[in-house]
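Heads up: the structure comes next, in structure tokens.
Bear in mind that the values in this text are calculations on the coordinates, not laboratory data. Since this is a predicted model, take the numbers as computed values, not measurements. Glycine gets a Cβ as well: all are built from the backbone with ideal geometry, and neighbour counts include every protein chain shown.
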Amino acid sequence: MSQSHSAPTLLVDLGGTNVRFGVADPALAKPLLTDSIRRYRVAEHDSLVSTAKHYLADTGLEVRRAIVAAAGRIVDGETVKVTNNPWAISAHQTANALDLEFVHLVNDFAAQSMAVTLLHGDDLVDVGKLARPVIGAEDEQTFAIVGPGTGLGVGGLLVRGGHCSVLQTEGGHAGFAAHSPEDIAILGYLNHKYGRVSNERLICGQGLVNVYDAICHIVGAQPDDLKPEDITARAKDDSCPLCTRTVETFAGIFGSVAGDLVLTLGAWDGVYLTGGLIPVLLPWLERGRFRERFEAKGRFRDIMEKVPTQAIMNPEPGLLGAAALAIVESGRSLLPPR
């Protein structure tokens, strides 16, 4: 089949628990076709190919190519083993099985990073009181994107001379740096349980449970068998002081991790907070401990106080970012001319 740069593009956002599908028309100002979005549980399907065939049969949509944003490290642009689910994916084999021109594999946070170029208005909530950054306002900008869901994703968005590119990383697996006495006690508990302790051991859905268990251990309480949603629900209705402390501690450690990313990537232009936990955690992110620990970087506090943080509230940032990549592949620019 002949290639068309503006061809309808299958978008896939593949995480540890769910896989989301959509279709983009790269020629449109809003390329993600909202009526095309569907979600499936990974555990209920055998492979990406079988789920994609199910999706295309469900919707009756026709596509010519695909962009797959997967929560794992892409090897040679061709294969990915998703970190928190059993699927292994080959771009070439997937393209053949679905009769597509090509399949472009990217890290899920490469897509999340590109998504911020298409976010507007209510898609974002300011965490802190700083002015919202304008992407493309300067010739050179660097942003960090970080988010807890099934795991902890980390990406970077680079704007250089009117063009956007992304850093695909596995920064969520960097080692946890404890700062406070409580942090040190939590680290000791998790080190005994897991050995090496990464940021993802604390900042993700299961990380919320890990922090709760550690705090119960610290105070000598017997932990209940809780899921992440149980902890946040009890914190929200103020029915469990240990759950409230857990969510507050989680927000503070998340701020510390996000601030470290600014120092590591040089992301002085801003940080975007994304992932499935963000809408639930937003009240605690806004209450101060997140920003306090985000800014508490010693000699760099003054500059950290000027770095804005934004919470992404759009429900489909992975698909939106894949749609942004489809625009780039079509030859259109994501950024308005200056």
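Quick look at the values:
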quantity: Region 120-313, relative contact order in percent, only Cα pairs under 8 angstrom and at least six apart counted; calculated: 29
quantity: Amide N proximity, region 318-338 versus Leu28 label position 7 Å along Cα-to-Cβ, cut-off under 20 Å; calculated: 318-336
quantity: For the chain, share of DSSP beta bridges that run antiparallel, in % to the nearest 5; calculated: 70
quantity: For Leu105, residues with placed amide H under 5 Å, excluding near neighbours; calculated: Val68
quantity: Cysteines, the chain, no other Cys beta-carbon under 4.7 Å; calculated: Cys164, Cys204, Cys216
quantity: Simple spin-label estimate for Arg196 and Val328 in nanometres, 7 Å along Cα-Cβ; calculated: 2.9
quantity: Net dipole in debye of the chain [+1 Lys, Arg Cβ; -1 Asp, Glu Cβ; about Cα centre; nearest 20]; calculated: 360
quantity: Neighbourhood net charge (9 Å Cβ-Cβ; Lys/Arg +1, Asp/Glu -1) for Pro8; calculated: 0
quantity: Alpha-carbon centroid distance for the pair region 201-224 / region 57-114, whole angstrom; calculated: 35
quantity: Peptide ranges 40-50, 170-180 listed from the most packed, as the mean C-beta count within 10 angstrom indicates; calculated: 170-180, 40-50
quantity: DSSP-defined antiparallel bridges as percent of all bridges, region 120-313, nearest 5; calculated: 75
quantity: Reach of Lys193 by Cα under 14 Å, taken over aspartates and glutamates that are not fewer than 8 positions away in the same chain; calculated: Asp213
quantity: Between 0 and 90°, nearest 10: helix 181-194 axis offset from the chain longest Cα axis; calculated: 60
quantity: Partner lysines for Lys129 [C-alpha distance under 25 Å; skip if fewer than 8 residues away on the same chain]; calculated: Lys236, Lys297, Lys306
